[in-house]
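Report on the following structure.
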Amino acid sequence: MAGSVNKVILLGRLGGDPEVRVSQDGAKIARFSLATGETWKDKNTNEKKERTDWHKIVIFSPGLSEIVEKFLKKGSLIYLEGQIRTRKYTDQAGMEKSTTEIVLQGYNCHLTMLDNKSESIEDLTSPNVENSKISDKNNEVSQDFDIEDEVPF
């Protein structure tokens, strides 16, 4: 479809340590949940309200998957840009299900670590790293998800 855009920008914290698996062709794939939220004051009760949304993140980019594996953990604050994708699959019980994920793959993805306290960013050896800003510039295919446990890799 000409003239369309599929871009997601999120700033949030990891809900659990990332899960990194290796695909059949040897590529690392990282998965994690990201929490975003908002707070407001209820006009009627003057009570502070809060809402958290959870996003499933999948990183196919080899460079970014390596960074995620080495430096991110539960609670890490990150900024990312990717695309939203919905896919169907059949679970172990034979039920057809669908899931929506934020995918970081190819040229149009971006990841910035915002609070990397335990490791120095200069320790990174990836050529995709410049300061604390990490982008995948290669055109390579590059949790707490209960549902993901049923999705075959």
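Report, by residue number, each residue of the range 1-32 that is of a type in the set (G, A, S), farther than 21 Å from Y107 by Cβ and surrounded by 11 or more Cβ atoms within 10 Å (Cβ to Cβ).
Correct list: G12, G15, G16.
No other residue among A35, A93 is loosely packed, with under 13 Cβ neighbours inside 10 Å and not polar (S, T, N, Q) apart from A93. Elements of the type strands (runs of 3 or more DSSP E) sitting completely within the range 14-83 and holding at least 3 residues that are among the charged types (D, E, K, R): these cover 28-41, 48-59. Is it the case that some residue within the range 12-33 is out of contact with any Leu (no Cβ under 6 Å at 6 or more places or on another chain) and among the aromatic types (F, W, Y)? No - not one qualifying residue is present in the range 12-33. From the list E66, E50, E81, the one residue that fits, being out of contact with any Cys (no Cβ under 7 Å at 6 or more places or on another chain), surrounded by 15 or more Cβ atoms within 10 Å (Cβ to Cβ) and of a type in the set (D, E, K, R), is E66.
Laboratory data are not the source of any read-out in this text; all were calculated from the coordinates shown. The model shown is predicted, which means the values in this text are computed figures rather than measured ones. Positions of Cβ are backbone-derived with ideal geometry, glycine not excepted, and every protein chain shown enters the neighbour counts.
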